[in-house]
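The values are calculated or read from the model by the stated rules, or taken from the named source; none is laboratory data. Treat the numbers as computed from the prediction; the structure is a model and nothing was measured. Because the Cβ atoms are built from the backbone with ideal geometry, glycine has one as well, and the counts that use them run over all protein chains shown. Accessible surface is based on the protein model in full, side chains and every heavy atom, while ligands, DNA and RNA are left aside. Shrake-Rupley method; radii C 1.70, N 1.55, O 1.52, S 1.80 Å.
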Amino acid sequence: MTAAGPALADTGNADIEELDLAVIEVSSDGETYTTVSDSSPAITGMWFIHLNAHKRGRVKSWAAWPAMQAQGMPTKDFPELGKSASYPLGDRPKIVNREYPLFIPLQAYRAYVKEACNQMAFRLRNYSGKTNDEIFAVDRSIPVEVSAGITWDMSGRANENPPAVEVTPGAENNKIKPVTIVCLKTPTQPAPELKVVASQLSVEAGNISSGLQSQCVLRLGGAITVTRSDLPVTFRYVDETGKESDVKTISPVPGVVKAMQHVFMHSYPLDHVVGEKNEGKIRMVGENIEFESNWADYDVDCAAPTNDLLVALPPKATRLEAFSGAKKTVHVQTLTVVGVESTSHPYLCPARMRVEGGLQGRGKASGKAVLFASKEQLAEEVYDVDQGDTVYFGGERELSWHVGNVHGQEVVLQLMIRNMAGEVVDSIKSSQTFKCERIVQGALALTPPQPTNDKASAGSGSTPPQSTNDNATAQAGLNFNIVTPKNRVRNGQIRLSGAKPDQAFKLRFLRKSNSGGYKIVNSAQLPKQMTGNAASFNMAALNAGTWRLRVCPMAKGGKIPNVKACKTSDFKVLAAGTFQAPTGDPQQSPTYSIIPNIGG
């Protein structure tokens with residue numbers, strides 16, 4: 001604290017004399033600070049002003065106000081809470097000393113303190129590289145300095161301020177208590193109780209061979225939706241006679257406390273010799289948690305295999321690649337003077353990435369295929385293939401950008417193929433680098449090539465270059481191919497290769513009739529068009545049988561400029577609604593219309 005020495009110039013100051021303790025709390029939701037607690041107190045105390053016009057002057061008018069400054073934030077003035085006075089000619093004092101109660105209510109500072117917490121989170125995220133989980137895991141305090149500002153008009157010799165002299169702090173400093181903003185951590189939500197909210201079971205018959213022995217089995221395809229996926233679920237298969245299988249276990253996904261659908265397949269041996277007929281029904285019954293699936297009926301004729309000795313090789317991983325999706329503008333904050341100034345630069349960055357994998361059957365085999373991106377599980381697909389069958393699948397993930405990776409972040413990819421026993425029978429790895437483009441005055445400063453796989457150990461592929469000319473949209477659509485659905489399908493996924501992210505396609509689903517031709521199926525549950533290289537459809541809308549998907553590139557206005565550019569893919573549905581968890585909604589019956597010369 002300083003005080004003025006003797007001089008003839010006019011002087012004035014405003015300062016806080018007393019300040020009460022105040023703790024202001026701001027809550028969060030795990031991504032941002034959202035709400036200032038209504039229990040946060042007003043900022044109170046005492047403040048004073050002092051004006052001195054000295055021998056040659058008079059005080060004409062003055063105004064003073066309280067202010068506050070949180071660490072890392074600009075000063076917030078409260079002129080609406082201040083004091084002022086103006087004196088008429090002939091009644092102007094030479095000295096003014098005033099003391100006032102200090103009162104800054106919650107409503108006046110609410111928005112300011114919330115912004116102080118969010119600016120702190122911004123600095124931790126962009127300068128320190130912390131994640132939201134790290135930022136919002138603990139309470140964080142921000143000190144606040146409360147002060148007062150003043151302005152005046154005097155008739156003396158202005159701007160000739162006297163030299164300052166030091167004033168030794170006295171006991172009155174003990175009257176200044178701290179004011180603190182506490183940016184609260186996000187409270188941890190209690191984990192939900194483990195429950196099975198939906199289950200579905202389907203049956204297919206078949207033979208398995210071991211050496212010279214052959215056994216008739218049921219291939220059971222199941223789906224279970226649980227309220228939390230970090231805990232295991234155990235169950236048995238039970239038939240109508242009460243016979244039980246051994247205990248089956250759905251492995252947990254560590255750290256993922258959310259609802260998830262698990263899809264799986266098991267073999268269930270039948271107690272009779274090959275060549276006999278057998279019928280019955282079977283269902284899943286929970287062990288560690290109470291649930292029962294639907295009864296799945298079977299009526300099988302286990303014909304003897306054509307060869308006494310059958311040898312099936314495990315499937316081979318054939319494809320692993322990643323693509324960037326739509327882009328977004330990201331403002332990256334960089335320091336120009338450490339700890340003092342920062343500059344924001346806009347970049348155009350991929351918002352999401354999609355990873356796609358594929359496998360090919362080399363004989364009868366079942367199991368799971370798992371996709372990983374930087375050691376994080378991205379997708380899991382159940383497969384059931386025969387010789388020559390090809391299965392494609394994929395998953396998506398958001399890309400996070402900050403000052404440390406806008407010039408390139410590498411994502412390590414892995415596809416792991418497991419058999420029904422959980423053993424890894426094949427895997428491939430590759431890596432992909434995604435980059436941002438800096439925007440300079442509304443234009444891109446540079447246009448790097450589309451990301452390609454930098455390294456691949458096996459099965460890697462590449463995406464053909466895509467035209468950026470809007471007039472070439474229809475022509476670019478000619479280069480696409482249908483990746484899935486093909487062969488036997490068990491999920492409603494549509495995947496195209498070579499499609500531009502903004503390319504629109506018209507879709508038609510056709511079902512093979514008994515006469516060998518194809519009939520188009522119109523259903524509200526089936527999509528009529530898609531954009532980009534990925535879409536989905538409701539498997540429950542397809543009856544068992546042979547189907548054909550027709551995909552045609554669309555020009556603006558929904559027209560198909562070239563029918564010859566349409567592509568088709570035939571696939572089989574083994575059972576209507578396979579692996580779809582029941583929703584309780586009645587299915588809408590599809591309508592059929594015959595399209596001439598569409599089959600073949």
Taking segment 479-490 and the residues there that are surrounded by fewer than 18 Cβ atoms within 10 Å (Cβ to Cβ) and among the polar types (S, T, N, Q), the one that is modelled with the lowest pLDDT would be N479
When residues of segment 345-360 are limited to those that are in a strand (DSSP E or B), open to solvent by 10 Å² or more (accessible area, probe 1.4 Å) and touching an Asp or Glu at 6+ places or on another chain (Cβ under 9 Å), the one farthest from K486 (Cα to Cα) = Y347
Can you find a residue in segment 323-335 that is at pLDDT 80 or above, closer than 22 Å to V412 by Cα and open to solvent by less than 50 Å² (accessible area, probe 1.4 Å)?
-> yes
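Counting residues that are modelled with pLDDT of 85 or more, which strands (runs of 3 or more DSSP E) fully inside segment 156-262 reach at least 3? Spell out the reasoning first.
Values: elements: 164-166, 179-183, 196-210, 213-226, 233-239, 248-250.
Hits in segment 156-262: 179-183, 196-210, 213-226, 233-239, 248-250.
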So T546 clears everything in (1) buried (at least 17 other Cβ atoms within 10 Å of the Cβ); (2) in contact with a strand residue (DSSP E or B) (Cβ under 6 Å, 6 or more places away or on another chain) except one condition, right? Which one?
-> (1)
Selection within segment 69-121 - of a type in the set (S, T, N, Q) and without any contact (Cβ under 8 Å) to a residue 12 or more places away in the chain = Q107
How many residues are surrounded by fewer than 17 Cβ atoms within 10 Å (Cβ to Cβ) and either at pLDDT 85 or above or in contact with a Pro (Cβ under 7 Å, 6 or more places away or on another chain) (or both) when one looks only at segment 515-526?
-> 1
Within segment 361-396, residues surrounded by fewer than 17 Cβ atoms within 10 Å (Cβ to Cβ), of a type outside the set (S, T, Y) and at pLDDT 85 or above come out as K375, E376, Q377, E396
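May I ask you to list the residues in segment 14-42 that are of a type in the set (A, V, I, L, M) and either in contact with a Ser or Thr (Cβ under 8 Å, 6 or more places away or on another chain) or open to solvent by less than 70 Å² (accessible area, probe 1.4 Å) (or both)?
Filtering segment 14-42 down to residues of a type in the set (A, V, I, L, M) leaves 14, 16, 19, 21-24, 26, 36, 42.
Within segment 14-42, A14, I16, L19, A22, V23, I24, V26, V36, A42 qualify.
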Within segment 494-514, residues open to solvent by 60 Å² or more (accessible area, probe 1.4 Å), part of a strand (DSSP E or B) and not basic (K, R) come out as none
